[in-house]
2 protein chains.
Amino acid sequence: MTADLSRFSINQMTVRQLSLPELADACAASGVGAVGLWREPVREYGLDAAAKLVRDAGLRVTTLCRGGFLTAIDPEERARALADNRRAVDEAAVLGTDVLVLVSGGLPAGSKDLPGARERIADALAVLAPYAGERGVKLAVEPLHPMYAADRCVVSTLAQALDIAERFPAHQVGVAVDTYHVWWDEDAPAQIARAGAQDRIHTFQLADWTTPLPEGVLNGRGPLGDGAVDLREWRGHVEAAGYTGAVEVELFNDALWARDGREVLAETVRRFVDHAC
Amino acid sequence: MTADLSRFSINQMTVRQLSLPELADACAASGVGAVGLWREPVREYGLDAAAKLVRDAGLRVTTLCRGGFLTAIDPEERARALADNRRAVDEAAVLGTDVLVLVSGGLPAGSKDLPGARERIADALAVLAPYAGERGVKLAVEPLHPMYAADRCVVSTLAQALDIAERFPAHQVGVAVDTYHVWWDEDAPAQIARAGAQDRIHTFQLADWTTPLPEGVLNGRGPLGDGAVDLREWRGHVEAAGYTGAVEVELFNDALWARDGREVLAETVRRFVDHAC
């Protein structure tokens, strides 16, 4: 039996020890046809060269990570963030992906005003959404786990992400559903249905929840099957909501990064088949 | 001007480096008239001796921490948990407090079923709530931050805690509101109003949210004023909901524990006045 990997995409961060050419080779070796890319390694390799590399390798680019960080109060900082997000949209278009993932940003230093920060995100999207739409790029507002609310992303739930996204046309702004961030939320299945009904699920990402969390809580995302998340059930939720796009595996994990990247990719494919198909 | 400390209570864990007699002395020195106690140090000192000590010192005991861990599937484990919680109720009664805080427990090993675990908590409370009520002890279901959902507490929001508590009379089961756990939740103010209207706010605790979080995310609760939480606003929410009980400061913080406990208590009182009065 050959596993169906047609929906699988590997997020570059999962195997960030691989260079872009190594990633393309490893994908070919593992039967993987799609990747989610990150701006920093793409820029390092060269945007046009990266676009050519993935095109020549026959890889689909399912997402570009990431824009966002749109909560600044300071006008100059805000202007810099908008300019950087326009560049991110342009990069997505060059890479041939139609989804730019947004990590919205945390509280500015000294601020305790979560609703105010969320409002500034919506204000920034009013500028960015038409720009993205004109270039065929959809913005995916990603709710991050509430443990990141202060310093990384004031959008903590799918409900909040949709409240923002709904102010714009669905082909301009939707949401990213990542199991790592939403698995604890009993309201998330209903919000997935809401997002699907509006055609706003712009990407679906998998990671498992393992404990103990590491210092800084960034790089402890669990390999599929090792944690508390019923991955198959969450995949069922997005598919019941009409999602037919890629299922991207995005792990930030120090232990995985210390290993051979090709081996990690092959293992991730096996775990995807075992736990999410 | 003398600050009004009539509502202030120091949770023993904040200054766990102090023995019970040292804690009583430090409270007298700082003008603190109320304490939240923990079962382990109380048992170590001796339950009756601890009760006599706080009584002789004129200290009110605002809460006992903690019962709970009620999510076991295994019948023997469940029976042990119930027995331990009955003992916790008895201890609360001996110490003269009418509030036992419950940390409900995480997922049993191998389970990914959050709703099932929550249902077992309600089942256990059906046994424990009348037992507590007969002894004049109120159970306070504490929602813990969603980052603890897997391994410590499957009750992640005030809404979930109230959904469970509402199955029982308010004098038997209510909720604990701790800013550290609920500050990120935009629905929490409405849930506080709901809890207050039912007379189910059985304790209110303060801690601030600081980053980066430490490994294991247990012992990084921020000193009042150092973090992202608008403590005065949250105190306003519970008071607008009719809460007139103690405002307890409960910090788990390695840096505070490494310092002189009397100094930490005096500083905590000052920070309470500066940031939560």
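Let's test the formula: R0 of 45 Å, r as the Cβ-Cβ distance of B:ASP254 and A:ASP90. What FRET efficiency results, to the nearest 0.05? Show your work: numbers first, answer last.
Numbers: r = 46 Å, r/R0 = 1.01.
Using R0 = 45 Å, I get an efficiency of 0.50.
Can you sort B:ARG78, A:ARG221 by how many other beta carbons sit within 10 Å, fewest first?
Values: B:ARG78 17, A:ARG221 27.
Fewest-to-most Cβ neighbours within 10 Å comes out as B:ARG78, A:ARG221.
Counting only Cα atoms, I'd like the Rg/Rh figure for region B:80-135, Kirkwood definition for Rh.
1.03
Over region A:121-277, what relative contact order in percent results from Cα pairs under 8 Å that are six or more residues apart? Mind showing how you got there, number by number?
Numbers: 250 pairs, mean separation 29.5, N = 157.
Reported relative contact order: 19 percent.
Restricting to Cα pairs below 8 Å that are 6+ residues apart, what does the relative contact order work out to for region B:8-276? Please round to a whole percent. Please report the intermediate quantities before stating the final value.
On the way: 535 pairs, mean separation 52.0, N = 269.
Across region B:8-276, relative contact order equals 19 percent.
Please report the spacing between the Cα centers of region A:15-42 and region A:206-274 in Å, no decimals.
The two parts, judged by their Cα centres, are 16 Å apart.
Only four residue types carry charge here, +1 at the Cβ of Lys and Arg and -1 at the Cβ of Asp and Glu. Report the dipole size of the protein assembly as shown about the Cα centre in Debye, rounded to the nearest 20.
300
To test your reading of the geometry: what angle, between 0 and 90 degrees and rounded to tens, separates the Cα axis of helix B:47-56 from the longest principal axis of chain B?
40
For B:PRO130, what charge total do you get from the other residues with a beta carbon under 15 Å from its beta carbon, if Lys and Arg give +1 and Asp and Glu give -1? Don't jump to the answer; show the numbers that get you there.
On the way: positive: B:ARG86, B:ARG135, B:LYS138, B:ARG167; negative: B:ASP90, B:ASP123, B:GLU134.
Value of the local net charge: +1.
Which aspartates and glutamates, if any, have their Cα less than 18 Å from the Cα of A:LYS138, not counting same-chain residues under 8 positions apart?
Those aspartates and glutamates meeting the cut-off are A:ASP84, A:ASP90, A:GLU91, A:ASP98, A:ASP123, A:ASP163, A:GLU166, A:ASP178, A:ASP199, A:GLU248.
Points 7 angstrom from Cα along the Cβ direction at A:LEU47 and A:GLU119: gap in nanometres?
For A:LEU47 paired with A:GLU119, the spin-label model returns 3.4 nm.
For B:ALA228, what charge total do you get from the other residues with a beta carbon under 11 Å from its beta carbon, if Lys and Arg give +1 and Asp and Glu give -1?
Numbers: positive: A:LYS112; negative: A:ASP113, A:ASP151, B:ASP208, B:ASP226, B:ASP230.
Here the charged neighbours net out to -4.
Where does chain A land at 222 nm, in deg cm²/dmol rounded to the nearest 500, when only DSSP H runs of n ≥ 4 count, each adding -39500 (n - 2.57), divided by all residues? Could the numbers behind the result be given before it?
Working: 11 runs with 122 residues, N = 277.
Here the helix-only value at 222 nm equals -13500 deg cm²/dmol.
Measuring label to label, 7 Å along Cα→Cβ, what does A:ASP56 give against each other copy in nm, shortest first?
Its label point is 8.5 nm from the equivalent points in the other copies.
Let me know the volume per residue of the alpha-carbon convex hull for region A:179-277, in Å³.
Values: hull volume 9.8 nm³, N = 99.
Measuring per residue, one finds 99 Å³ for the Cα hull of region A:179-277.
Summarise the long-distance tail of P(r) for region A:1-46 by giving the % of C-alpha pairs beyond 16 Å. Please report the intermediate quantities before stating the final value.
Details: 373 of 1035 pairs.
In whole percent, the share of Cα-Cα pairs in region A:1-46 beyond 16 Å is 36.
List, shortest first and in nm to one decimal, how far the label point of A:ASP163 (7 Å from Cα along Cα→Cβ) is from its counterparts in the other copies.
For A:ASP163, the other copies' label points sit at 1.9 nm, shortest first.
For B:ASP56 and A:GLN17, FRET efficiency with R0 = 45 Å and r from the beta-carbon atoms, rounded to 0.05?
Numbers: r = 63 Å, r/R0 = 1.41.
That pair, A:GLN17 with B:ASP56, gives E of 0.10.
Out of B:PRO214, B:PRO41, B:PRO189, any idea which swings most in a Gaussian network model of chain B, alpha carbons joined below 10 Å?
The residue with the greatest mean-square fluctuation here is B:PRO214.
How many nm separate the modelled label positions at A:ASP4 and B:ASP199, each set 7 Å beyond the Cα in the direction of the Cβ?
Inter-label distance under the simple model: 5.8 nm.
Hey, what's the Cα Rg ratio for region A:8-276 versus the globular rule of thumb, 2.2 N^0.38 Å?
On the way: Rg = 17.4 Å, N = 269, 2.2 N^0.38 = 18.4 Å.
My calculation over the Cα atoms of region A:8-276 gives 0.94.
Through the Karplus equation 6.51 cos²θ - 1.76 cosθ + 1.60, θ set to phi - 60°, convert the phi angles of region B:89-94 into ³J(HN,Hα) values in whole Hz; use x for Gly and Pro.
Ordered by residue, 3J(HN,Hα) equals 4, 4, 4, 4, 4, 5 Hz.
Using θ = phi - 60° and the Karplus relation 6.51 cos²θ - 1.76 cosθ + 1.60, list the HN-Hα couplings for region A:163-179 in order, rounded to whole Hz, with x at every Gly or Pro.
3J(HN,Hα) across region A:163-179, in whole Hz: 4, 6, 4, 5, 6, 10, x, 4, 6, 9, 9, x, 10, 9, 10, 10, 4.
If I fit a long axis through the Cα atoms of helix B:261-276 and take the longest principal axis of the Cα atoms of chain B, what angle between them do I get, 0 to 90°, rounded to 10?
For helix B:261-276, the angle is close to 80 degrees.
How big is the protein assembly as shown in terms of Cα radius of gyration and Dmax, in angstroms?
25.2, 81
Would you mind calculating the relative contact order of region B:182-233 from Cα pairs under 8 angstrom and at least 6 residues apart, reporting the percent as a whole number?
29 percent.
Calculated FRET efficiency, B:THR244 and B:TYR131, Cβ-Cβ r, R0 25 Å, to nearest 0.05?
FRET efficiency, B:THR244 to B:TYR131: 0.40.
Quick note: the coordinates plus some simple rules give every number you see, no bench work behind them. None of the values given here were measured: they were computed from a predicted structure. A quick note on method: Cβ atoms are made from the backbone with ideal geometry, for glycine too, and the neighbour counts reach across all protein chains shown.
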